[in-house]
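For reference, the structure is listed below as structure tokens.
The values are calculated or read from the model by the stated rules, or taken from the named source; none is laboratory data. Since this is a predicted model, take the numbers as computed values, not measurements. Cβ placement follows ideal geometry from the backbone for every residue including glycine, while neighbour counts extend to all protein chains displayed. Accessible surface is based on the protein model in full, side chains and every heavy atom, while ligands, DNA and RNA are left aside. Shrake-Rupley method; radii C 1.70, N 1.55, O 1.52, S 1.80 Å.
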Protein chains: 2
Amino acid sequence: MTVTIRPAERPDAPLLLDFIQQLADYEKASDQVEATLADIHQTLFADRPQVHALIAEQAGKPVGFAAYFFNYSTWLGRHGIYLEDLFVEPQARGAGAGLALLRGVARVAIAKGCRRVDWQVLDWNQPAIDFYRSLGARHQETWLPYRLEGEALERFAGES
Amino acid sequence: MTVTIRPAERPDAPLLLDFIQQLADYEKASDQVEATLADIHQTLFADRPQVHALIAEQAGKPVGFAAYFFNYSTWLGRHGIYLEDLFVEPQARGAGAGLALLRGVARVAIAKGCRRVDWQVLDWNQPAIDFYRSLGARHQETWLPYRLEGEALERFAGES
């Protein structure tokens, strides 16, 4: 079945929120979705959005999305793309929608003069890891992701 | 010695490029710096820059920098900060410049309504890891960073 990719538009906000919740469910983090419809409008559909989304459709029906923003490499002196989310509804998997979404993001990267697309994958998500490796993506295994958040961030920022 | 933090400005471009090269040297990637002075001007000092830098000074002399951009969490529906680089010149280390830079970035995060600061550290850089952990930062150990770049990216984007 042919998959088409298009940029997400304002009327897609409820759909995106639903996809985001479904992705969190799949990633065993159902309770971590705090985003509201207003948040989606104020970020993805701001006047000058700093985050963007693509929608995959099969037979005119949305079946998945990709969300991305522009990161930056000081070594390259240029922006790249960071793929924040990639999701395809369970019943639509295996028909190429994930591949088409990732290719859509790769095409944005090339069109914008970026040389890299980065993302993270959960270490137990072997189907996704196999898929990414088949495309030529490589695990950046010497780099460890760290995060300072919530109260620890507030406390640290508040110290003199 | 008192450390002061200020936003980087256009005349800092050569200094930033020098710091970027020094950081790559430290990270055993000297040959990976492709950024030029023109690149720095066109990105960090664009009309609407999507990447930013702070400079640390001791006794009026620049000793280090932090570069950051805004990332995004679909689960939170809001932007966070990604710390791309944090560097202090070897002879200035141990006097609090790194701490002051990271705190400067944390304060930007709080001021902008962000709840997270993310970054990556090289797995062999134990002094940095110890420093980050002491602040309450946590290794996001279930997440693996992946990258598609260069010819593999171009090939993938070009396929139909």
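Once you have a ≥ b ≥ c as the square roots of the Cα gyration tensor eigenvalues for the stretch B:1-131, tell me rounded if a/c is under 1.5, and otherwise prolate or oblate according to whether a/b is larger than b/c. Can you show the working numbers first?
Numbers: a/c = 1.31, a/b = 1.17, b/c = 1.12.
Cα axes put the stretch B:1-131 in the rounded bin.
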Could you state the accessible area per residue of the protein assembly as shown in Å², with a 1.4 Å probe and every protein chain left in place?
47
What is the spin-label model distance, in nm, from residue A:122 to residue B:50 if the labels are put 7 Å beyond Cα along the C-beta direction?
2.8
As a Kirkwood estimate from alpha-carbon pairs, the protein assembly as shown has a hydrodynamic radius in angstrom of 20.5
Nearest 100 Å², what total accessible surface is buried between chain A and chain B (probe 1.4 Å)?
7200
Copy-to-copy spacing for residue A:4, label 7 Å out on the Cα-to-C-beta vector, in nm, shortest first?
5.9
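Hey, any idea what % of the protein assembly as shown's accessible area is carbon plus sulfur with a 1.4 Å probe? Mind showing how you got there, number by number?
On the way: 7430 of 15100 Å².
Of all accessible area on the protein assembly as shown, carbon and sulfur atoms account for 49 percent.
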Using each residue's phi in the stretch A:37-47, evaluate 6.51 cos²θ - 1.76 cosθ + 1.60 at θ = phi - 60° and report the 3J(HN,Hα) Karplus result to the nearest Hz, with x for Gly and Pro.
4, 4, 4, 4, 4, 6, 10, 5, 10, 5, 4
Considering amide H positions built from the backbone, and no H for Pro or chain starts, which residues 5 or more places from residue A:71, or on another chain, come under 5 Å of its amide H?
A:80, A:81, A:82
Exam field: residue A:133 pseudo-label spacings to other copies (7 Å along Cα-Cβ), nanometres
2.9
How about residue B:61: which lysines have a C-alpha closer than 27 Å to its C-alpha, ignoring those fewer than 8 places off in the same chain?
B:28
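Considering every residue in A:75-84, what mean count of other chain Cβ atoms within 10 Å of its Cβ is obtained? Display every interim value, and only then the final one.
Details: counts 13, 7, 16, 6, 4, 3, 2, 4, 2, 5.
Taking the mean over all residues of the peptide, I get 6.
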Of the candidates A:11, A:127, A:145, which one comes out as most mobile in a Gaussian network treatment of chain A with C-alpha springs shorter than 10 Å?
A:145
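In Å, the Kirkwood hydrodynamic radius of the stretch B:74-160 over pairs of distinct alpha carbons?
On the way: mean 1/r = 0.0637 Å⁻¹.
Result for the stretch B:74-160 stands at 15.7 Å.
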Relative to a virtual label point 7 Å from the Cα of residue A:41 in the Cα→beta-carbon direction, which members of the stretch B:47-87 show backbone nitrogen distances below 20 Å?
B:73-79
Say we join alpha carbon atoms closer than 10 Å with springs in a Gaussian network model of chain A; which of A:39, A:130, A:85 then has the biggest fluctuation?
A:130
Which whole-Hz couplings ³J(HN,Hα) result when phi for each residue of the stretch B:84-90 is put into the Karplus expression 6.51 cos²θ - 1.76 cosθ + 1.60, θ = phi - 60°, listed in order with x for Gly and Pro?
7, 9, 9, 9, 10, 4, x
Compare A:117, A:88, A:33 in a GNM of chain A, Cα atoms joined below 10 Å, and give the one with the largest fluctuation.
A:33
I need the phi-derived Karplus couplings for the stretch A:93-101: 6.51 cos²θ - 1.76 cosθ + 1.60, θ = phi - 60°, integer Hz, Gly and Pro marked x.
5, x, 10, x, 5, x, 4, 5, 5
Heavy-atom accessible area of residue B:69 with all protein chains present, probe 1.4 Å, nearest 10 Å²?
0
